1. Can you tell me which condition Q31 does not meet? The list is (1) in a helix (DSSP H, G or I); (2) out of contact with any helix residue (DSSP H, G or I) (no Cβ under 6 Å at 6 or more places or on another chain), and all the others hold.
2. Might you check whether a residue that is small (G, A, S) and either more than 12 Å from the chain's Cα centre (by Cα) or modelled with pLDDT under 90 (or both) occurs anywhere in the range 20-33?
3. Being surrounded by 13 or more Cβ atoms within 10 Å (Cβ to Cβ) and either outside any loop (DSSP other than H, G, I, E, B) or without any contact (Cβ under 8 Å) to a residue 12 or more places away in the chain (or both) is the filter here, so list the residues in the range 48-70 that pass it.
4. Kindly list, by first and then second residue, each pair from a residue in the range 71-87 that is modelled with pLDDT of 85 or more to a residue that is surrounded by 12 or more Cβ atoms within 10 Å (Cβ to Cβ) and β-branched (V, I, T), limited to pairs with Cβ atoms under 9 Å and residues at least 6 apart or on different chains.
5. Just to verify a result, which residue in the range 81-103, among those that are more than 19 Å from Y44 (Cα to Cα) and in contact with a helix residue (DSSP H, G or I) (Cβ under 8 Å, 6 or more places away or on another chain), is surrounded by the fewest Cβ atoms within 10 Å (Cβ to Cβ)?
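The values are calculated or read from the model by the stated rules, or taken from the named source; none is laboratory data. Note that the coordinates shown come from a computational prediction; the quantities given were computed from them, not determined experimentally. Reconstructed Cβ throughout: ideal geometry from the backbone, glycine too, with neighbour counts over all protein chains shown.
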Amino acid sequence: MEFSLDGFSVAHIEDHYSLHERRIFLGLTQQKAADRAGIPLQSYQQFESGKRKIRRASFDIACRVLKALDMDIAGFYNGDYSVGEPTYVKEGRQYFKATDKPYDEEPSDEE
């Protein structure tokens, strides 16, 4: 029996998964996301990995990171990003519906 994930979205139990998915969805490298937020790359990487909690950062830093990822600040704090972007599966690989970009592919600086 074959099971399809077409039309399903990923549920994000922790905030850092939302940050990671949103960055990939936008086609940004971690460096580009950090630059847009005006924070050091290492700080951004800690938020995205979950090593540092975005909700425990200063409100200014959290807002800058969320804006860099084109995320609504109130929506983020109200859980609007708990369900990820809609995806589909093609030839065994998951893609974002809105962009047709692979869900699991890191953007490069060359794009």
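1. The number of the failed condition is (2).
2. no
3. Restricting attention to the range 48-70, the residues satisfying the condition of being surrounded by 13 or more Cβ atoms within 10 Å (Cβ to Cβ) are 48, 50, 52-54, 57, 61-69.
Listed by number, the residues that qualify are E48, R52, I54, A57, I61, A62, C63, R64, V65, L66, K67, A68.
4. Within 9 Å, the pairs are M71/V65; F76/I54.
5. Filtering the range 81-103 for residues that are more than 19 Å from Y44 (Cα to Cα) and in contact with a helix residue (DSSP H, G or I) (Cβ under 8 Å, 6 or more places away or on another chain), the one surrounded by the fewest Cβ atoms within 10 Å (Cβ to Cβ) comes out as A98.
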